[in-house]
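First comes the structure, then the notes that go with it.
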Amino acid sequence: MHIRFAAAALVLIAPLGACSTVKEAIKGPDLAPVGYPAALAPMDQRIIAVSTAPTANSLWRTGARTFFNDQRASKVGDILTVMINIDDSAKTSNATTSSRTSGVTAGFPHLLGLESSLGKVLPGGFDPANALSTNSKTANDGAGSVSRQEKISLTIAAVVSAVLPNGNMVIQGTQEVRTNTEIRQLTVAGIVRPEDISSTNTIQHTQIAEARINYGGRGDISRVQKTPAGQALIERFSPF
């Protein structure tokens, strides 16, 4: 019976949402593309091929680092370390109360001499002096509160995927750690200024513009904790 009901519900709600909405209900929300503009930050890693052939009449091979140049990330393919230290909290509280009472009484004792004739047409007991009487009363009470606290301390290496015309760099990085059958994944993407990168080639997450940080996982534990797909679809589109 439950299977038939779920199947019928899926058939009824299928036209109500687009494919992206159904995908979000099943897999969860996706991060928005990095702006400035979004096309400059592809989510696929870009691999830069560097020639290692020695240069004629030179003691240095192509792409070698020097002793005196700035070693901070500055071009596509360079790596920098992102320090993620999020310790945010928010608390809001709202309450509203409203009420309204109104009443209307209307009559027409004299109506072109027709007030006595109206009694023959209208129901018995008609009184022209009290032809209309209304009253209404409404009340509304509302209250809401939000209490949120987040604390994350992580470190991840990111790769410069593009350099913008003004010198700012688009970075993105992914880190995966597997423990038994559970994978924890950390991704970061955004835009940084070269002058914000420290001498140790690190940058704080608060200095990343259009930052997109995602910390989650997949595996047996995450699958058990996640709401089943059928239940998520029914709860999302149910009109009751």
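The values are calculated or read from the model by the stated rules, or taken from the named source; none is laboratory data. Nothing here was measured: the structure is a model prediction, and the numbers come from that model. Reconstructed Cβ throughout: ideal geometry from the backbone, glycine too, with neighbour counts over all protein chains shown.
For (1) at pLDDT 90 or above; (2) surrounded by 17 or more Cβ atoms within 10 Å (Cβ to Cβ); (3) under 30 Å from Gln71 (Cα atoms); (4) out of contact with any Asp or Glu (no Cβ under 6 Å at 6 or more places or on another chain), each residue gets a yes or a no:
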| position | (1), (2), (3), (4) |
| --- | --- |
| Thr155 | yes, no, yes, yes |
| Met169 | yes, yes, yes, yes |
| Ile183 | no, no, no, no |
| Thr187 | yes, yes, yes, yes |
| Gln204 | yes, no, yes, yes |
| Ile208 | yes, yes, yes, yes |
| Lys226 | no, no, no, yes |
| Arg236 | no, no, no, yes |
task = Answer with yes or no whether Thr179 is modelled with pLDDT of 70 or more, surrounded by 10 or more Cβ atoms within 10 Å (Cβ to Cβ) and polar (S, T, N, Q).
result = yes
task = Would you check if Val192 is surrounded by fewer than 18 Cβ atoms within 10 Å (Cβ to Cβ), within 18 Å of Val76 (Cβ to Cβ) and either touching a residue at least 24 places away in the same chain (Cβ under 8 Å) or among the acidic types (Asp, Glu) (or both)?
result = no
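Which residues, counting only those in segment 75-92, are more than 15 Å from Glu195 (Cα to Cα), part of a strand (DSSP E or B) and more than 22 Å from the chain's Cα centre (by Cα)? Please lay out each step first, then the result.
Of segment 75-92, the ones more than 15 Å from Glu195 (Cα to Cα) are 76-79, 83-92.
Now narrow it down to the ones that are part of a strand (DSSP E or B): 79, 83-92.
Across segment 75-92, the qualifying residues are Ile79, Met83.
Within segment 212-232, take every residue that is among the β-branched types (Val, Ile, Thr) and part of a helix (DSSP H, G or I) and give me the one that is farthest from Ser153 (Cα to Cα).
Within segment 212-232, the first condition is being among the β-branched types (Val, Ile, Thr), and the residues that meet it are 213, 221, 224, 227.
Now narrow it down to the ones that are part of a helix (DSSP H, G or I): 221, 224.
Details: Ile221: 22, Val224: 25 Å.
This residue is Val224.
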ask   = Gln149 fails exactly one of the following numbered conditions: (1) within 22 Å of the chain's Cα centre (by Cα); (2) without any contact (Cβ under 8 Å) to a residue 60 or more places away in the chain; (3) within 30 Å of Val224 (Cβ to Cβ). What is the number of that condition?
value = (2)
